[in-house]
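See structure below.
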Amino acid sequence: MTAPTTRVEQTRGAAGSEKGAPRGRRGRAAVPWLFLAPYLCFFGLFVLAPAVYGIYVSLFDWDFSFPSYRPFVGLGNYVDLFTPGTLDYASFWRSMRATGLFTLFTVPLMVTVPLAVALLVDKPFRGRTVLRAAFFAPYVLGVAVVGVLWKFVLDTQHGILNRILGGLGLRDDIPWLQQEPWVWVSLVGATLWWTLGFNAIIYLAGLQSIPRDQYEAAALDGAGRWRTFRSITLPGLRPVVVFVVMITVLASANVFGQPYVMTDGDPNGATRSAIMYMSDVGLGESRMGSATAMSYVLALLLVVVSILNFRFLVGKEDQS
């Protein structure tokens, strides 16, 4: 027969279980961090460490040609960007203006046109899958391929677009890649064609997450298409719209490949983006300290714009 458990033994067992419970909870709390550890290692190695090192570089007159002579200038590289008459002041802010114009032109189109496409391909009809693939297919191309392709299409003398316009009796010598405002039409149009499918797929996923019974109830109440879109579709897509606006603003502000391949910053540097100018200064002129300072100014502006966009869009959601 088993001897009855004494009160002392019961007290020891209870105390042991109380001591072991926190250890078990700590072990369970550490499990998510173990799964996050690989990502955190790569993030720290390839994102956080270069960012911190970049701040260090921006405080020096950093020249690759003279590794033994890199004088400390403190915030001098930053001050020069805001001081008229310095070496980089005019060119840097002109490139920032080009980046701002490109962002201003592309973001509204990249937010609205993919939404219209998503609404179209969300309807059941024959050939819907093929149409979805056709819209998304250009996104798998590299920016160099897209740039070279559109450079041939938009060539003033031999481009197919001017030939088509000439065949329709319209002007057939439009300088798509040489003069303003045609260069902006070309860059924005090529970017829209290239990245349209990505945003459309995001919208399509958001549309499919909206409960269908809401549309059925709206139909029973006699709501029209516009009323249904305004009262059901748009509120249901609000988090998706916030995400699309954020990533589109960031992508447009970091534009490099399209103007680099299609216009090379012409005419007269009007389409030379901020990233293009930074690469010219840092890699072409070996002034990495100045180029790094420019990159952090751009990053700070993007942080401010992102916060304003987020507060505006999410604030409207909270008010509604």
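Under a model in which nothing but the beta-carbon of Lys, Arg (+1) and Asp, Glu (-1) is charged, segment 93-195 shows a dipole of about 300 debye around its Cα centre.
Modelled this way, with points 7 Å down the Cα-to-C-beta line, the labels at V153 and V140 are 1.8 nm from one another. Working note: 222 nm ellipticity from helices only, DSSP H runs with n ≥ 4, each -39,500 (n - 2.57), summed and divided by the residues of the chain, gives -22000 deg cm²/dmol to the nearest 500. A Förster radius of 35 Å, combined with the Cβ-Cβ distance separating L168 from I210, puts the computed FRET efficiency at roughly 0.25. Note on A217 and Y89: their simple-model spin labels are 6.1 nm apart, each label 7 Å out from Cα toward Cβ. Take every Cα pair under 8 Å whose residues are at least 6 apart in sequence, average their separation, divide by the length of the chain, and the relative contact order is 26 percent. Which one is right for this structure if Cα extents along the principal axes in Å is calculated from it: [x] 101, 74, 36; [y] 75, 61, 42; [z] 106, 74, 37? Label of the calculated value: [z]. Relative to one another, the C-alpha centroids of segment 208-243 and segment 66-105 are positioned 47 Å apart. Take the Cα of W226, go 7 Å toward its beta carbon, and the backbone nitrogen atoms of segment 94-127 under 20 Å from that spot belong to 112-113, 115-117, 119-120.
Here, each number is a calculation from the coordinates, and none is a lab measurement. Owing to the predicted nature of the structure, the values given are computational and were not obtained by experimental measurement. Note: ideal-geometry Cβ built from the backbone for every residue, glycine included; neighbour counts use all protein chains shown.
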